[in-house]
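K.L.:
Let me give you the structure first, and then I'll get to my questions.
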Amino acid sequence: MSASSPASAALAATVAAAAALLLLLLLCCPNVARAQTPAFACDASNATLASYGFCNRSAAAAARAADLVSRLTLAEKVGFLVDKQAALPRLGVPLYEWWSEALHGVSYVGPGTRFSPLVPGATSFPQPILTAASFNATLFRAIGEVVSNEARAMHNVGLAGLTFWSPNINIFRDPRWGRGQETPGEDPLLTSKYAVGYVTGLQGAVSGAGALKVAACCKHYTAYDVDNWKGVERYTFDAVVSQQDLDDTFQPPFKSCVVDGNVASVMCSYNQVNGKPTCADKDLLSGVIRGDWKLNGYISSDCDSVDVLYNNQHYTKTPEDAAAISIKAGLDLNCGTFLAQHTVAAVQAGKLSESDVDRAVTNNLVTLMRLGFFDGDPRELPFGNLGPSDVCTPSNQELAREAARQGIVLLKNTGKLPLSATSIKSMAVIGPNANASFTMIGNYEGTPCKYTTPLQGLGANVATVYQPGCTNVGCSGNSLQLDAATKAAASADVTVLVVGADQSIERESLDRTSLLLPGQQPQLVSAVANASSGPCILVVMSGGPFDISFAKSSDKIAAILWVGYPGEAGGAAIADVLFGYHNPSGRLPVTWYPESFTKVPMTDMRMRPDPSTGYPGRTYRFYTGDTVYAFGDGLSYTSFAHHLVSAPKQLALQLAEGHACLTEQCPSVEAEGAHCEGLAFDVHLRVRNAGERSGGHTVFLFSSPPAVHNAPAKHLLGFEKVSLEPGQAGVVAFKVDVCKDLSVVDELGNRKVALGSHTLHVGDLKHTLNLGV
């Protein structure tokens, strides 16, 4: 999403405010309200509207949308192609702002949503990168359900829309990416599971065919993960991606979001892919999203991206050409004003047919029909009982704290954690993020219910002395305050250092060029650790990873935690983990690379290594270099033992008579057809808590396929979260679909099942499965 269009944003905010005012007028002064633009469509008290087919709630959404389209002029139709949808008083249709955001809670970033004294804030969950570290699919959905409850509650009092352009499911391919914090990490399976869980939670189970609680949107399609790196900007970047990498890494989360999550929308990105703007690529939009995956919903542009492909990328000669090529490619909604300005002229010039416009408008209207937008007073519809009292409830706020607890990753522990609150008389809390509040909620944020900073969370348990060490996370020489920080550490029983980043270091439109802690932070950490009279615990608050090798190897640093951007309750969750009220179970959703990795151009999109040039590849699936910490790393205050109960050692694919691979030596066979039907097996494991503390544990099932088609070194097949008491054992079962889960993508982008030995990994366990024909 672009935050770089102030004029558009201001206009959108005005439209949203007007919509909210109209609904509030209707609630308190109905006679005044009805004299103005309608506050909601298909008002049952208006007999004229009741006769319109699009207001017939018993008709199918597609039929209702077709009826409305048939009543519109071309000039009116183009008003339904942009996010600031104009009112149509003659048909009783109110204005509507499509752009709302709910990345990790209801946000004020989108102009379709705002806070007021009626609803001053909403629950702010951790940034997705930390929630993903929980590897808890149940949690992903639970957060989505709470966010949609609060969204609907705000909609019912005129403060929010119904279309939320979240989640961000791009792959966190490069550790320097400023928006990696918004994503579930670097693994396609984890990202897919997150997408399906969060989208399902948001959109809800509503009575009625295809009905939606709110409409989610999976973005940014596709191969989007360069914002602004050394002058290379997303607006003009051409992502050169092989078909193998596209289908193996970048596309799977979007496919899962559409096919398994039944998401209502997909947003195309700013960048080009192999020379074509994604929002003008008919193969990617009409061909894949709507054709192959059968999207039931609308395709939106990122904000002003149609304008960008014309004015920045110079992809077309005229603005009418840009409007025509985008709509014909399959774009339905333009965040921005470009299509409202140029579509009529494109039709008049014969570059676009009115039927193309009708198709796009219909897709948008069907979505609104499914949301109940054309069903009258929202208070009389499903979820109409939700209101301000359903926002920031105690249970919602507790879930935000629990999500942060489950995501926090313990990376190092020399035995000093957990801390004992009763034995600590004084704690030094030091660092530029030690008293962070706004930093904890990351970007695409909303006003939170309240904040609990790290200092407040720790101070609720023991007496604290606070020193920032640096006046900000940039920690330049002028802002370094070493003397006060080291004195505090020297006189305390224990020291907690909270360092890392904020949105001045990593954000939308800002990628990093270094993986080291910003500015003088390493000097601060080392000086404070050396001065500490007691254990020194390092807490890293960030979205992206850092090279903290010096801290990992230092015997002066007793423990290291990564806490992401932990949301409104972050400080409480950090204290819960440090004092042992919660046993950490988070695992890293990304690889932590050394600073030497920054020699690799961020713009090189290749996933696979190239030994001939020393190119190391990317993410745990392909990377061949050294790591600071690996994907999936994370410690606990207890230990867990794995035992393989059952898994097959050999399976045969029953190929059709005459198949070439029955007589030839084939490295792989196609991952579709009759030989794939019902071809699955179970892996049963017994997991035992072998320690003295209860705790949660993520069981990962990885596979290393045969070395064909430049396959990944290993890839994640599944994960399950279990919670066990000391000495307790539980059974975890994975169902493996051979053609779906064990397949790899070949050089041409075709999915294949590699023949030969596949090694299954669970912890230290390894099991060999031979696939033959």
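K.L.:
Below 14 angstrom from the Cβ of G474, what's the summed charge of the other residues (Lys, Arg +1; Asp, Glu -1)?
P.N.:
Details: positive: R507, R512; negative: D502, E506.
It works out to a net charge of 0.
K.L.:
Within 10 Å, count the other beta carbons around each residue, average over each peptide in 188-199, 458-469, and list them highest first.
P.N.:
Going from most to least packed, we get 188-199, 458-469.
K.L.:
Beyond a 30 Å Cα-Cα separation, which of these cross-linked pairs lie in this structure: K77/K213; K294/K317; K230/K752; K213/K351; K230/K721; K77/K230?
P.N.:
Numbers: K77/K213 26 Å; K294/K317 32 Å; K230/K752 38 Å; K213/K351 37 Å; K230/K721 40 Å; K77/K230 42 Å.
Where the Cα-Cα span goes over 30 Å, the pairs concerned are K294/K317; K230/K752; K213/K351; K230/K721; K77/K230.
K.L.:
Moving on to the next point. Given the -39500 (n - 2.57) contribution per DSSP H run of 4+ residues, what per-residue ellipticity at 222 nm results for the chain, rounded to the nearest 500 deg cm²/dmol?
P.N.:
-7500 deg cm²/dmol
K.L.:
Right, next: Does the range 403-599 classify as rounded, prolate or oblate by the C-alpha gyration tensor (a ≥ b ≥ c root eigenvalues; a/c under 1.5 gives rounded; else a/b over b/c gives prolate, otherwise oblate)?
P.N.:
The shape class here is rounded.
K.L.:
If you place +1 on the Cβ of every Lys and Arg, -1 on the Cβ of every Asp and Glu, and leave all else neutral, what size is the dipole of the chain about its Cα centre, to the nearest 20 Debye?
P.N.:
920 debye
K.L.:
Okay, next question. Using a Förster distance of 51 Å, how high is the FRET efficiency between T318 and N385, based on the Cβ-Cβ distance and rounded to 0.05?
P.N.:
0.50
K.L.:
Just the Kirkwood number for the range 435-551, please: inverse of mean 1/r across all distinct Cα pairs, in Å, one decimal. List each step's numbers first, then the result.
P.N.:
On the way: mean 1/r = 0.0664 Å⁻¹.
15.1 Å is the Kirkwood radius here.
K.L.:
Just want the answer: with Cβ charges of +1 for Lys and Arg and -1 for Asp and Glu, which residue in I171, A490, A195 is farthest toward the dipole's positive end in the chain?
P.N.:
Result: A490, furthest along the dipole toward the positive end.
K.L.:
As I understand it, the dipole of the chain uses +1 on the Cβ of Lys and Arg and -1 on the Cβ of Asp and Glu, about the Cα centre. Which of P648, A205, L139 lies farthest toward its positive end?
P.N.:
Result: L139.
K.L.:
Per residue, how much accessible area does the chain have with a 1.4 Å probe, in Å²?
P.N.:
I get 35 Å² per residue for the chain.
K.L.:
Right, here's the next one. Calculate log10 I(q)/I(0) of the range 638-771 for q = 0.18, 0.19 Å⁻¹, where I(q) comes from the Debye formula with a single equal point scatterer on each Cα and nothing for solvent.
P.N.:
For the range 638-771, the Cα-only Debye profile gives -0.96, -1.03.
K.L.:
Students often get this wrong, so check it: of K255/K766; K84/K328; K193/K255; K412/K450, which have C-alpha atoms separated by over 19 Å?
P.N.:
K255/K766; K84/K328; K412/K450
K.L.:
Name the residues of the range 225-260 whose amide N is less than 11 Å from a point 7 angstrom out from the Cα of T603 along the C-beta direction?
P.N.:
Residues 229-234, 236-240 fall inside that zone.
K.L.:
Also, quick follow-up: Report the full-extension gain for the segment A680 to R359: residue separation times 0.36 nm, less the Cα-Cα distance, to one decimal in nm.
P.N.:
Separation in residues times 0.36 nm, less the Cα-Cα distance, equals 111.5 nm.
K.L.:
Same structure, new question: If all Cα-Cα distances of the chain are sorted into 20 Å bins from 0 onward, what percent lands in each bin, rounded to whole numbers?
P.N.:
Final binned percentages: 16, 47, 31, 5, 0.
K.L.:
For all pairs of alpha-carbon atoms in the range 142-285, what percent lies in each bin of width 5 Å, listed from the first bin to the last filled one?
P.N.:
With a bin width of 5 Å, the distribution comes to 2, 10, 18, 21, 18, 13, 9, 6, 2, 0, 0.
K.L.:
Here's another thing I want to ask about it. What is the distance, in nm, between label points placed 7 Å from the Cα along the Cα-to-Cβ direction at L765 and at A707?
P.N.:
For the pair L765/A707, the computed spacing is 2.7 nm.
K.L.:
When a/c reaches 1.5 or more, the comparison of a/b and b/c decides; with that in mind, is the range 350-409 rounded, prolate or oblate per its Cα gyration tensor?
P.N.:
Oblate.
K.L.:
Sticking with this one: Which Cα, out of M154, Y108, P120, lies furthest along the positive dipole direction of the chain (beta carbon charges, K/R +1, D/E -1)?
P.N.:
Farthest along the dipole direction, towards plus: P120.
K.L.:
Which percent of the accessible area of the chain is formed by carbon and sulfur heavy atoms (probe 1.4 angstrom)?
P.N.:
51 percent
The values are calculated or read from the model by the stated rules, or taken from the named source; none is laboratory data. As the structure is a prediction and not an experimental result, all values here were calculated from the model. Here Cβ is always computed from backbone atoms with ideal geometry, including for glycine, and neighbour counts include all displayed protein chains. Note: areas computed on protein heavy atoms with side chains; ligands, DNA, RNA excluded. Shrake-Rupley method; radii C 1.70, N 1.55, O 1.52, S 1.80 Å.
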